[in-house]
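Beneath this line is the structure, given in structure tokens, with notes to follow.
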Protein chains: 2
Amino acid sequence: MYANILSRVLKKIKPREEERRELSRAAEGILERVRVEAGKTGLDVRGILVGSSARGTWVSGEHDLDVFLTFPEETTREELERIGLSIARKVAEGARWEERYAEHPYIHAFYDGYEVDLVPCFRVERASQIKSSVDRTPFHNEYISKNIKGLEDEVLLLKQFMKGRGVYGSELKTHGFSGYLTELLIIYYRSFIEVLKAASTWKPGLVIDMGGHGNVAPSDPLVMVDPTDPARNVAAALSIDQLGRFIDSARGFLESPAEEYFFPNLPSPLGDEELKIILKSRGTTLIAIIFDAPDIVEDILFPQLRKMEQSVGEMIHRHDFKVFRSDVYSNKQAVILFELEVSRLPEVKKHIGPPFWNKEHSGAFKAKYSGAKIFSSIYIKDGRYIVEIPRKYVDAKNLVKAEVLSCGLGKHVANMVRKGYQVLENEEILAIKDRSIRVFLREYFS
Amino acid sequence: MYANILSRVLKKIKPREEERRELSRAAEGILERVRVEAGKTGLDVRGILVGSSARGTWVSGEHDLDVFLTFPEETTREELERIGLSIARKVAEGARWEERYAEHPYIHAFYDGYEVDLVPCFRVERASQIKSSVDRTPFHNEYISKNIKGLEDEVLLLKQFMKGRGVYGSELKTHGFSGYLTELLIIYYRSFIEVLKAASTWKPGLVIDMGGHGNVAPSDPLVMVDPTDPARNVAAALSIDQLGRFIDSARGFLESPAEEYFFPNLPSPLGDEELKIILKSRGTTLIAIIFDAPDIVEDILFPQLRKMEQSVGEMIHRHDFKVFRSDVYSNKQAVILFELEVSRLPEVKKHIGPPFWNKEHSGAFKAKYSGAKIFSSIYIKDGRYIVEIPRKYVDAKNLVKAEVLSCGLGKHVANMVRKGYQVLENEEILAIKDRSIRVFLREYFS
């Protein structure tokens, strides 16, 4: 039933012999340079290839190589970073490269058509003894390499399925399934279709503990106990909604399988007339905050964009406007999008005062409002004084324009917003011509 | 400080000698007719004058006489009603009269310029042994008559003050202070000013127990233990907000005394241009439901109007419109008034489905909506399926028009609404020319 589809998919995503050979050659070249440069330091530093390229589980066309430089456990952190980076820089010499930062600094190089990460780490005896989270990777590599033999195609199918459904990747932009998690699922369930069958009946709170030695409190939507470190949940980054989307997709595919699950149509940019028609038929008000995106990695940027979405949304709510839906996007420019049920509220607003039995507060409240511009006399309702006063913001766009900087913003985002931002409403949004933002708008409404 | 004002007020509200004499003569005439008619029955039925006219605590100009026909305790309820009404009818003979119903039937007669209630009741030994709530009245009468001597003027002032502030009357339209409660407050605090001074620091939950033998759980906003029946709260009908308004007025009067507290300016009917200006400046939407008022006493009508206000308000709320304020009025026509923050909502509406981990419900939900007219694909948010569907009512007036009869309505009100009703919005309300409804609108906005 599924065989035809899966073999067609596999034909597209499985690296051919030539691609494999080329990748091996590139990897070997880098490892050789590591050996040479490491030898000069007099330290026992070993280069190893890790990740999907090491395990034969990369999808054709990907050109990522993860090379770890493992240092003896007794190395100091300072030495590791200094000598590790120094080796890595020399390995990358001649190629274009840049320094990047995760827990440690590392080198990202563009080498011979490949994107190569050169990552220094500690070589510890057990994964439970790691000094830094990257130290875990060699253990993952070893475990998967040992257990994945013969199941590589199944991993490829599952990865591509997850990519097609937008749930692949454990970075903070996606909150989806990591490559390692995907591989473990295949090792546990033995095939792509069996993973889908199992997933279609998963419930949040499920714990998969392949070694039976797990030690993880199941507070995450899904727990996959790390077979190399029983205290760690491999699926810790997976959000409840991404889990849900995967489960929903699994059910959908099993019911009516189709290649589109793996290769969805790319959404086209939303046109001017289309947006006008959509706005008219929905009857909502679209408000977009736009500013130049800060030049930081997505794992730092996206939590800040989500934070801004939330804090501005709460500010809007405090002013009695109702957010129907919202989303964020970033390319060169960052966009925070709010869809509101109503864009104008009445001039009059209720202000609730103290309970009448508090004589002191009641007196102060009445004194404060008896001379002010109010819409009605001060009255008592449900035991409290109430006064009807003018609303500060009757227009949602003006509210957002005026109050966005008073909202809780992450450091980098705040810096950029302070430099300048635009607030656009409904058809004003058509001033944005950026193709990728128009694609984002299409996806928002699809 | 207050003396001048109070003596001016008293001059206006205290019955003169002639008014007293006339009232005595009228009461004596009625009691004599009761004696004659009761004598014919062979039963020991005695007529007594009760209420403010019996105690010298009526406000000048009021022409109410409450005459109770007391029957021996061993009379059956059937006999009491039959013979009691028969005596009352004969007493009222020659006058215009009608039968009315509270717990028992009684006769209301228009007699010689007075409105006379002729009420049959049981004559029991103690107030705690009453068979019907009207049996209590003779005990109240006796208690007040005994204790009020010399304090009548203070009662008059307090009653008039409460009338001026809209908190006098324990009927279900008002939920305010009864005449008996007013008299007890004066007996307890000894003067009008002392009642106000005490009230200005009252808090809900206060229990006043003059006999020190109270047995009332203080769940009401104010408890005044009935000195003739320690298990009864004389202030049971008083609502928290009417208590609050009295307390607020007491503080206000003590701070800057003025005759207006007793005799407020009568509000004038709201004019067409005024309503237009008010609506424009507030920016809200006014919706009025109008129908012919059922011909029932206010104590039955007003709870039904309030019930309608509440059930229609909840219906409006369920459809995502927000009620800013509401009120009811009744004269010949009944009016339920809603002031809404917004009168139009977007076409699109979120419909929240089952959590994704419920496979069966999820399947049914997706099947139901995959063919339907929807605004977006079905998506997952916060663990649940969501679909964006067309809103049934985007216009508040249409909503109210269509759904008013599906709301919970009291029996008499439902009958009248079924016969016909109008729903008017904003300036359409100007079609109502009834003067008293225009006064109600003035008060609503004041």
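FYI, it's all coordinate maths here, none of it is from the lab. This structure is a prediction, so every number in the text was calculated from the model and none was measured. FYI the Cβ positions are ideal-geometry reconstructions off the backbone, even for glycines, and counts take in every protein chain you see.
Here the peptides B:239-245, A:272-278 are ranked by packing, the mean other Cβ count within 10 Å, and the order with the highest first is B:239-245, A:272-278. The convex hull around the C-alpha trace of the range A:238-354, projected and averaged over every direction, spans 12.3 square nanometres.
Could you tell me which trypsin sites (Lys or Arg not before Pro) in the range B:305-377 are loop residues by DSSP with no more than 12 other beta carbons within 10 angstrom of their beta carbon? Those that pass, being in a loop and sparsely packed, are B:332, B:373.
Considering helices alone, the calculated mean residue ellipticity of chain B at 222 nm is -13000 deg cm²/dmol, with DSSP H runs of length four and up weighted by -39500 (n - 2.57) and normalised per residue. Between the range B:10-64 and the range A:32-111, the alpha-carbon centres lie 109 Å apart.
Only Cα pairs under 8 Å and at least 6 apart count here; give the relative contact order of chain A as a rounded whole percent.
Value for chain A: 11 percent.
In plain terms, the residue of B:157, A:409 with the fewest other Cβ atoms within 10 Å comes first and the most crowded comes last, giving A:409, B:157.
Using the empirical formula 2.2 N^0.38 Å as the baseline, the Cα radius of gyration of the range A:371-429 reaches a ratio of 1.73.
For residue B:264, what is the net charge nearby, where nearby means another residue's Cβ is under 13 Å from its Cβ and Lys, Arg count +1, Asp, Glu -1? Net local charge, residue B:264 excluded: +1. Taken over the Cα atoms of chain B, the convex hull encloses 218 Å³ per residue. Please identify, among B:297, B:195, B:335, the residue showing maximal mean-square fluctuation in a Gaussian network model of chain B using a 10 angstrom Cα cutoff. Judging by the Gaussian network model, the answer is B:297. Please say if the protein assembly as shown is rounded, prolate or oblate, where rounded means a/c under 1.5 for a ≥ b ≥ c the square roots of the C-alpha gyration tensor eigenvalues, and otherwise the choice is prolate for a/b larger than b/c and oblate otherwise? Note, shape of the protein assembly as shown comes out prolate. For residue A:277, the point set 7 Å out from Cα toward Cβ sits 4.8 nm from its twins in the other copies, listed from shortest up.
Sorted from shortest to longest, the distances between the residue A:427 label points of this copy and the other copies are 2.6 nm, with each point 7 Å from Cα along the line through the beta carbon.
Restricting the count to DSSP beta bridges whose residues both fall in the range B:1-147, what percent are antiparallel, rounded to a multiple of 5?
Restricted to the range B:1-147, the bridges split so that about 65 percent are antiparallel.
One residue of chain B places its C-beta nearer than any other to the axis carrying B onto A; that residue and its whole-Å distance are B:342, 3. Relative to the other identical copies, residue A:32 shows label-point distances of 13.7 nm, where the label point lies 7 Å from Cα along the Cβ direction and values run shortest first. Other protein chain C-beta atoms within 10 Å of residue C-beta, averaged over A:333-346: 3. Computed as a quarter of the hull surface, the mean projected area of the alpha carbon convex hull for the range B:263-309 stands at 5.6 nm². Other residues within the sphere of radius under 13 Å centred on the Cβ of residue B:338, judged by their own Cβ, net out at -3 (K and R +1, D and E -1).
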